[in-house]
1. Being surrounded by 17 or more Cβ atoms within 10 Å (Cβ to Cβ) and free of Cβ contacts under 8 Å to residues at least 40 places away in the same chain, is that true of even one residue in the range 56-74?
2. Can you find a residue that is assigned by TED's automatic domain parsing to the domain that holds residue 116, in a loop (DSSP other than H, G, I, E, B) and modelled with pLDDT of 90 or more anywhere in the range 157-170?
3. Could you check, for the range 131-151, whether at least one of its residues is free of Cβ contacts under 8 Å to residues at least 40 places away in the same chain, touching a strand residue (DSSP E or B) at 6+ places or on another chain (Cβ under 6 Å) and over 26 Å from residue 180 (Cα atoms)?
4. Based on what the data block shows, is residue 106 at negative phi, buried (at least 19 other Cβ atoms within 10 Å of the Cβ) and assigned by TED's automatic domain parsing to the domain that holds residue 37?
5. Taking the range 33-55 as the search range and keeping residues that are surrounded by 15 or more Cβ atoms within 10 Å (Cβ to Cβ) and assigned to a loop (DSSP other than H, G, I, E, B), which one is farthest from the chain's Cα centre (by Cα)?
6. Do you know which residues across the range 1-32 are over 18 Å from the mean Cα position of the chain (by Cα) and not in a loop (DSSP other than H, G, I, E, B)?
């Protein structure tokens, strides 16, 4: 196994970061700017900056295949950045939320992305070809607090959301005309938008979920890893739709 590499960039807090698929580009959310670093031999050097948000950027993600970058911010908006003639062309995405956006992740097929927020909703955004713009559709129930973490199932339909109320939930983000209907799995068979496929509570009162991951095995993600900023991660196992086991 290759030895780990350590690169010193700066002394400053960051909200999020993302690597390109080839690990040659690093996007860092710093204040209201995303700094793009490129691998230059043995080090990363600042190559470009993405400016458009007017408040703190809280999430950034680089699509592994297309290279598009999505950002979200406390200004309640998102941008999709596409390479264009040596620079980056931003497209504004109206999230229709009344609180700050908190996190963002591309779906594996890169046709959608999900944005968590302090508005007790998660915005699922997709591109409408006929209108030539990005639109959003909200996952609402049963969310009751700020969404702090987002993770996608490999089928690009199911999405896991972690919240400050200590819950981790798996919901359907199926968009008609965008997604192919997924095969039946332990998470369910018919999965219209906002179907609740799983809901799990962190038993420590008041403990926010800081990260969620749908773990992939043999092209299926039947397990979910959840964790807080204080306690170790737990693995939630889904052997069947009606039984759930938890182990640290």
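1. Scanning the range 56-74, I find at least one residue that is surrounded by 17 or more Cβ atoms within 10 Å (Cβ to Cβ) and free of Cβ contacts under 8 Å to residues at least 40 places away in the same chain, so the answer is yes.
2. yes
3. Taking every residue of the range 131-151 in turn, at least one turns out to be free of Cβ contacts under 8 Å to residues at least 40 places away in the same chain, touching a strand residue (DSSP E or B) at 6+ places or on another chain (Cβ under 6 Å) and over 26 Å from residue 180 (Cα atoms).
4. no
5. 52
6. Hit for the range 1-32 is 25, nothing else.
The values are calculated or read from the model by the stated rules, or taken from the named source; none is laboratory data. Note that the coordinates shown come from a computational prediction; the quantities given were computed from them, not determined experimentally. Using ideal geometry, Cβ is built from the backbone for each residue, glycine included, and neighbour counts are taken over all protein chains shown.
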